[in-house]
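Have a look at the structure below, then the notes.
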Amino acid sequence: MPGYKVHISGSFVAGILVLLGLVNIGLYVIDPEQVVALLVVCVLGGLFPDIDTDSKGKRLFYSGMLMLALALIYLKHFQWAAYLGVLAMLPGVSAHRGWTHTWWAMLLVPMPMLILPYYIYGHPLPTLLPYYVAFVTGYFSHLFLDREF
């Protein structure tokens, strides 16, 4: 079973490959700041399935979530910080390699990144879709490396 370093590397490589593929077919224009954000989201997606167990990957994931929550609070986006907190608690209610290691969770877990900003703030879906794809790509790399398919 791969450890957190393999999952971080795998999700990073998968994210780069997807970005290069999308650039190659003309669906994405490189914006360096957004690329960094997308790769961070991709790595978080790659760590997410193992946050239901005590691991280094779990600690890294929650460290990233904590920094994001603190940034949201600093920016006075309290509602978003609350949504993030609820989503971060979900894996704590299941057994390891339970629902977090399923293909449907790979598609459903990042869905709030599309739905909430669209319905609450009216953000257009095309601006949100890259972050959803990045998280799903990282998540897919984790399931692939764990041989869940």
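The values are calculated or read from the model by the stated rules, or taken from the named source; none is laboratory data. Keep in mind that this is a model prediction, so the values were computed, not measured. Glycine also receives a Cβ, built like all others from the backbone with ideal geometry; neighbour counts cover every protein chain displayed.
Which pairs turn up if I take residues in the stretch 127-146 that are touching a residue at least 12 places away in the same chain (Cβ under 8 Å) and look for partners that are aromatic (Phe, Trp, Tyr) and surrounded by 21 or more Cβ atoms within 10 Å (Cβ to Cβ) with beta carbon separation below 7 Å, at least 6 apart in sequence or on another chain?
Tyr139/Phe48
Does the stretch 107-125 include one or more residues that are within 14 Å of Pro49 (Cβ to Cβ), β-branched (Val, Ile, Thr) and under 15 Å from the mean Cα position of the chain (by Cα)?
To start, the set of residues in the stretch 107-125 that are within 14 Å of Pro49 (Cβ to Cβ) comprises 107-110.
Then keep just the ones that are β-branched (Val, Ile, Thr); that gives 109.
This time we only want the ones that are under 15 Å from the mean Cα position of the chain (by Cα), so: 109.
Yes, the conditions are met somewhere in the stretch 107-125.
Taking the stretch 3-58 on its own, how many of its residues are surrounded by fewer than 22 Cβ atoms within 10 Å (Cβ to Cβ), part of a helix (DSSP H, G or I) and polar (S, T, N, Q)?
Summing the residues that are surrounded by fewer than 22 Cβ atoms within 10 Å (Cβ to Cβ), part of a helix (DSSP H, G or I) and polar (S, T, N, Q) in the stretch 3-58 gives 3.
When you scan the stretch 113-138, how many residues do you find that are in a helix (DSSP H, G or I) and either acidic (Asp, Glu) or within 21 Å of Val36 (Cα to Cα) (or both)?
Narrowing the stretch 113-138 to residues in a helix (DSSP H, G or I): 113-121, 125-138.
Still in the running and either acidic (Asp, Glu) or within 21 Å of Val36 (Cα to Cα) (or both): 113-114, 117, 125-138.
Adding up the residues that qualify gives 17.
So if I check each of Gly3, Gly45, which one is on the phi < 0 side of the Ramachandran plot and modelled with pLDDT of 90 or more? Don't jump to the end; show me each part of the working.
Numbers: Gly3 fails: modelled with pLDDT of 90 or more.
From the options Gly3, Gly45, the qualifying one is Gly45.
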